[in-house]
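What follows is one structure encoded as structure tokens, with my remarks underneath.
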Amino acid sequence: MIIELFLLAIITLLAGTIVPLLAVSVNRRYIRTISLCCPIFASLFLGALSLVVLFSGETSGFTLYQPITEFSFSFVIDRLASFFLLVIAIVSACVALYFSEYVEHMDGSSRRNILCGFTSLFILAMVLVVSSANSFCFFLFWELMAASSFFLVTFEYTHNETRKAGLFYFFMTQLSSLFVLLGIIMLYLESGSFAIAPIHGASTLPITAAFLVLFIGFSIKAGIIPFHKWLPYAHPESPSPISALMSGVMLKIAIYGLIRFLLDVFTPDLWWGALILAAGITSAVLGVIYALKEHDIKGMLAYSSIENIGIIFTGIGLWVIFSASNLPLLATISLLGALFHSLNHALFKSLLFLTSGSVVHATHTRDIEHMGGLAHRMPYTSALFFIGAVSISALPPLNGFASEFLIFTAFFTSVAFVSPLFKVLLFICLALFALASTLSAACFVKAFGSIFLALPRSPQSEVAKEVPRAMLIGPGILAAACILLGVFSFQIFGIVGFNVPLPDMLLISLLLLGMGVLVYMVLYVTASREVRVSETWGCGSRSQQASSEYTGHGFSEPIDIIFSAIYRTRTKNERVFFDLKNCIFREGTGEIHLLKVFEEYLYNPISQLFMQVATKVSRFQNGCLDTYLLYVFVTVIALIIFLGWFA
Amino acid sequence: MNVDFILYITINTLVVLAIAPLFVSMIKKVKAWTQGRSGPSVFQTYASLRKLLTKEVIYSPTSSRIMRITPLITIASILVAALFVPLIFVPEPVGGIGNIILFLYLLALARFFMALAGLDAGSSFGGMGSSREMSISAIIEPTTIIVFAALAFVFKTLNIFDMVSRTAPGLPAAPTLILISISLFIILIVETSRIPIDNPETHLELTMIHEGMILEQSGRNLALMELAAAVKLTVLMGLLINLIVPLGLATSLTLIGILIAVILFVIKGSILAGIIAIFESSMAKKRFFQLPSLFAMAFFFSTLIIIIEVFS
């Protein structure tokens, strides 16, 4: 039954890809609706099958097509794969629901059909990556995922910014594929097959090298610092539902790849875990620090994704450390924490991207400084965004807290067991992890406060209107999932069959509710019930003005100053004077730029190096046919000599 | 969830609500003494709260639902957090109540809502308070978590109930506890917005943090916020007291035992309140951007504990 459901899902997604591409010139709503209904139905099938597999724990596999003996298109769905299929299913269904309305408000007439088609293709590719049974198959669909997402990112290709972002994204994603392919080839050389199966004789040099290469490949895709730059470029420029899919799901596919290879192929060393942990913590802290500085709503969410991927990597790193030091219980807690956070991040990040898409749609700006006061104008969207913000800030009793709690618990209990050196490392990481966690709360107080509260700070947000109901259902489901997964987290882990040291969040929620109701009742009986809506104290001004509000910049200023070592700025002053001795000032300009550290000190030097090499190589290409014939001739001769000599 | 635990919830909540305003007044009283004034009565806070309850609530026209639900959520989460620290008797923990991480995050939940309410009315005072509060909470968090991890490490448990009952039989033997109590004291000062971090007595824009956030609150809502702040103070004081001097904690549910425990707790709390007041009086408020170095000191101090623990 599982295989049939899986095939049904694939066929539905293929239909969703093909239908709008066939009817590419028909600029009708129904084409796009049909196309976007396909992911919804496919998600239902996938959700059903993954729940069955998750609960039963059965593994089922099949081969679709075998072109040659060494390689086949075969798929396996086990518990790990089905978990990620569930992530894909929930998010894609909600995004598709939202997208079916959102796409009608976009520009681009019948070109939007292609967008819908590629969305289905993108989801299909992700489903196939997760269920691939061998590494070559994995790579092929990985590449399909990269290519299809490129077309989604560059939908608004007429904008210069989008083109730049798209190219940047394409380059980074191909770099990632390159590393993954290299890793797979290295594994093939080592084991002689493409099967994702354990390699014995661990931690020889080639195997370690293969791990490192795969780790870099997955890190680029997941957006781990310092390979993160594509996220803040690509996310703001792509349509919001696409950002939701990419940030919510695609990053998780990279997580899946890392976990799959670590679990099934390698026998990890202790220091691999330390490496993953260090990468994770760095991303978590730097990601959220950059997010606080960002005032483009989607750029901020992109940096926050980097932070959350860092948290997931932290969990994975702890898992590797604990399993290498023979602490299976703690290892399970950390891995469950990482997996649960993957699911939770997929839910609340796509919720946040979708609602921020609604906000951008209503205000026509992405700058949070030009928003404000939207809580009155868009009550439902603001409530949904709020739930996402509470979840991502890891506040109880919602889901973000539950998964971070598992990782915290792993940290707290681990220190009693590992060696002294690792104790110190773990304590430092714990402190940084806590820092990242509270900074993200600060970041989302700032975001919610500047977007939705107080007075509107621009004419567009003054007249902003609530989005159509169809654009509220998808995020609504995600928000409900965030609440349910948090409140019932203890019960859910019990049902799936893991005994985790999670507090009973249902009890906590009931206590919170009970206390609130009790206090309300007591106040209702004893206190004055008079309420007046009137100007409160405003420092002598007669009425509140938007210009005197605390802005997003103002809010993050203390953190800017405290972390000024990280936010490096470059000041540029140009002054012109009347006299020669520079005494009488005539005019001048002053600029302060935020230094893009990674871009200027890492990306640009490397790209310049490549440009230099490429310039030298390009001398061989002079455009003259004779030269090329000469090359062919020389190659053939060399080949003949080589074969004659060695073969 | 057994009968004992429901009784515990009732008694603990009632006791903390009853005692909390007393400790706030006591700190004020001792501070007044150090300044050579006689100061308000120790029951002044009760009277102020009662007065606030009879006043009407004024909402700014720009404020949203956040402003309206924040007082309730704040008091609810602080009261639930109060259940995590047994003040007078220790039952068997139920369903993860008493977990030290959850305790921290319940305080964070209250802070999150307070900060949003500060931004809600759109006045610059509220925003200033929220911004400072979130920044300070972010930079103190590494210290807090290290201290709590040290506690978990020393006591070999994550549950405050177990920590308190493990030390219950006698006075602390480990010198580590004294070191931890100093760190906990710093956290107490920061979390409850006292000098040298914040000045709980003024509404000056240069100094205020917590008071700035709740500036827009009025009437019964302000009463709830004040009460929540008092309860938070009491709970953190209770944590410190019962970890270091668990003397007198009732282990069984008898009326006499509870009464003795309450009286002992009030005495111990008054002493700690006196210490806090003298500490506050002997300091000036620090400049906001000097706080990170203060926190760095606290951080290295708590890391020192851990290093001593790890390598001893």
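Derivation of every value follows stated rules applied to the coordinates shown; laboratory data play no part. Quick caveat: nothing in here was measured; it's all calculated off a predicted structure. Cβ: placed from backbone, ideal geometry, glycine included. Neighbour counts: every protein chain shown.
Laid out as a table, the results:
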| read-out | value |
| --- | --- |
| Neighbour count of at most 13 Cβ within 10 Å plus DSSP loop: longest GluC sites (Glu not before Pro)-free window in chain A | A:71-529 |
| Phi-based couplings in Hz for the stretch B:124-137 (Karplus 6.51, -1.76, 1.60; Gly and Pro marked x) | 6, 5, x, x, 4, x, 4, 4, 5, 4, 5, 5, 5, 5 |
| Set of aspartates and glutamates with alpha-carbon distance to residue A:423 below 12 Å, sequence-local pairs under 8 removed | B:309 |
| Inter-chain Cβ neighbour average for residues B:144-155, partner chain, 10 Å | 4 |
| Stokes-Einstein diffusion coefficient of the stretch B:77-148, Kirkwood radius over Cα pairs, 25 °C, 0.890 mPa s, in µm²/s | 178 |
| Computed [θ] at 222 nm, helices only, for the protein assembly as shown once each DSSP H run of length n ≥ 4 contributes -39500 (n - 2.57) | -23500 deg cm²/dmol |
| Antiparallel DSSP beta bridges within the protein assembly as shown, as percent of all bridges there, nearest 5 | 85 |
| Alpha-carbon spread of the stretch A:494-647, three principal axes, descending order, Å | 101, 80, 29 |
| The stretch B:3-311, Cα convex hull volume normalised per residue, Å³ | 131 |
| More than 22 Å apart - percent of Cα-Cα pairs taken over the stretch A:189-340 | 41 |
| Farthest positive-ward along the protein assembly as shown dipole, Cα basis, beta-carbon charges - from B:274, A:106, A:56 | B:274 |
| Alpha carbon Rg of the stretch B:71-196, scaled by the compact-globule rule 2.2 N^0.38 Å | 1.18 |
| Listed residues A:420, A:167, A:218: farthest to the positive end of the dipole of chain A (Cβ charges) | A:167 |
| Unit Cα scatterers, Debye sum, the stretch B:1-50: log10 I(q)/I(0) for q = 0.29 Å⁻¹ | -0.98 |
| Selection of trypsin sites (Lys or Arg not before Pro), the stretch A:1-44, meeting DSSP coil and at most 13 other Cβ within 10 Å | A:28 |
| Chymotrypsin sites (Phe, Trp or Tyr not before Pro) restricted to the stretch B:15-104 and DSSP loop, no more than 11 other C-beta within 10 Å | B:43 |
| Lysines with Cα under 18 Å of residue B:28, excluding same-chain neighbours fewer than 8 positions away | B:232, B:268, B:285 |
| Cut-off of 10 Å, at most 11 other beta carbons, DSSP loop: longest stretch of chain B lacking such trypsin sites (Lys or Arg not before Pro) | B:157-286 |
| Rg in Å to one decimal, and Dmax rounded to a whole Å, for chain A via C-alpha atoms | 26.8, 102 |
| Directionally averaged projected area (convex hull, Cα atoms, the stretch A:601-646), nm² | 4.9 |
| 4 °C / 1.567 mPa s Stokes-Einstein diffusion coefficient of the stretch B:119-160, Kirkwood radius on C-alpha pairs, µm²/s | 105 |
| Peptide B:65-78, shielding by other chains (average Cβ, 10 Å cutoff) | 4 |
| Summed residue charge, Cβ within 13 Å of residue A:159's Cβ, Lys/Arg positive, Asp/Glu negative | -1 |
| Ellipsoid equivalent to the stretch A:1-267 - semi-axes via the Cα gyration tensor, in Å | 31, 23, 15 |
| Convex hull per residue volume in Å³, alpha carbons only, for the stretch B:199-312 | 163 |
| Rg/Rg_globular for the stretch A:351-502, with Rg_globular taken as 2.2 N^0.38 Å and Rg from C-alpha atoms | 1.28 |
| Top positive-direction residue, dipole computed over the protein assembly as shown with Cβ charges, set A:343, B:52, B:288 | B:52 |
| Partner chain coverage, peptide A:428-437 - average Cβ within 10 angstrom | 5 |
| Percent of Cα-Cα distances greater than 17 Å, calculated over the stretch A:498-585 | 80 |
| Surface/4 estimate of mean projected area, convex hull on alpha-carbon atoms of the stretch A:1-130, nm² | 8.2 |
